[in-house]
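Notes follow the structure.
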Ligand code: NI
C-alpha cells in the first residue's frame, strides 16, 4: 500500500517575468506588472509530497527529518532571499514563472530522492495561485 508524507517549506524571492526575444510592449502585454523591470517579490510556499511503501523496519515511508533537511539545503538555501533572475544559475536563461520554478524544484529534489518514491511538488506563488508538478 502506498502512503504519502508531506513537508511544507517557505522562501522569499524576487523575480521578473520577461522574454528577451520580445519587445517591452509585448512583455508588458503578456506578463503585466510581473514584467516590471525593477523586479518584485513573492512569499513562496512549497509543499513536497513523497509516496512509497512503509518500511517495516522503521514504520516510516521516509524519515521526515531527512526530507526537511534536503528541502532546506537544496531549495531554501538556494532560493531564499534571492533575486531569481539575477542571483541563480537556474533562472539565468529560464523565465522564473511559478511553473518553471516548480519544475526546477521537482528536478532538484528528484535527483536526491531514491527512485522507488513518487514525488509531487506544489508551489504557491500567492495563497490563490499555485502550480503542481509530479504525481
Ligand atoms: Ni511575480
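If I take R0 = 35 Å and measure r between the Cβ atoms of residue 72 and residue 26 in this structure, what FRET efficiency does the formula 1/(1 + (r/R0)^6) give, to the nearest 0.05?
For residue 72 and residue 26, the calculated efficiency is 0.35.
Which of rounded, prolate, oblate describes region 88-135, given a ≥ b ≥ c as roots of the alpha-carbon gyration tensor eigenvalues and a/c under 1.5 marking rounded, otherwise prolate only if a/b is larger than b/c?
oblate
By per-residue mean of other Cβ atoms within 10 Å, what is the highest-first order of 99-105, 5-11?
Ranked from most to least packed, the peptides come out as 99-105, 5-11.
Rounded to the nearest 500, what is the 222 nm mean residue ellipticity of the chain from helices alone, with -39500 (n - 2.57) per DSSP H run of 4+ residues and division by all residues?
Computed ellipticity for the chain at 222 nm equals -7000 deg cm²/dmol.
What do you get for the angle between helix 98-112 and the principal long axis of the chain? Use alpha-carbon atoms, 0 to 90 degrees, nearest ten.
For 98-112 against the chain, the angle is about 40 degrees.
For the chain, modelled as a Gaussian network with Cα springs under 10 Å, which listed residue fluctuates most, 75, 48, 33?
It is 33.
Give me the distance in nm between label points sitting 7 Å out from Cα along the Cα-to-Cβ direction at residue 128 and residue 55, one decimal.
Between residue 128 and residue 55, the label points sit 4.3 nm apart.
Normalised by the number of residues in the chain, what is the relative contact order in percent for Cα pairs under 8 Å and 6+ residues apart?
Reported relative contact order: 31 percent.
Rounded, prolate or oblate: which one fits region 9-135, using the alpha carbon gyration tensor with axes a ≥ b ≥ c (rounded when a/c is under 1.5, else prolate when a/b beats b/c, else oblate)? Intermediate results must be reported in sequence, preceding the final value.
Working: a/c = 2.64, a/b = 2.42, b/c = 1.09.
Prolate, because a/c is 1.5 or more and a/b exceeds b/c.
Arranged by the count of other C-beta atoms within 10 angstrom, fewest first, what order do 21, 87, 55 take?
Going from least to most buried by this count: 21, 55, 87.
Every number here is computed from the coordinates shown, using simple stated rules; none is lab data. Every value quoted in this text rests on a predicted model; they were computed, and no experiment measured them. We place every Cβ from the backbone using ideal geometry, glycine too, and count neighbours over all the protein chains shown.
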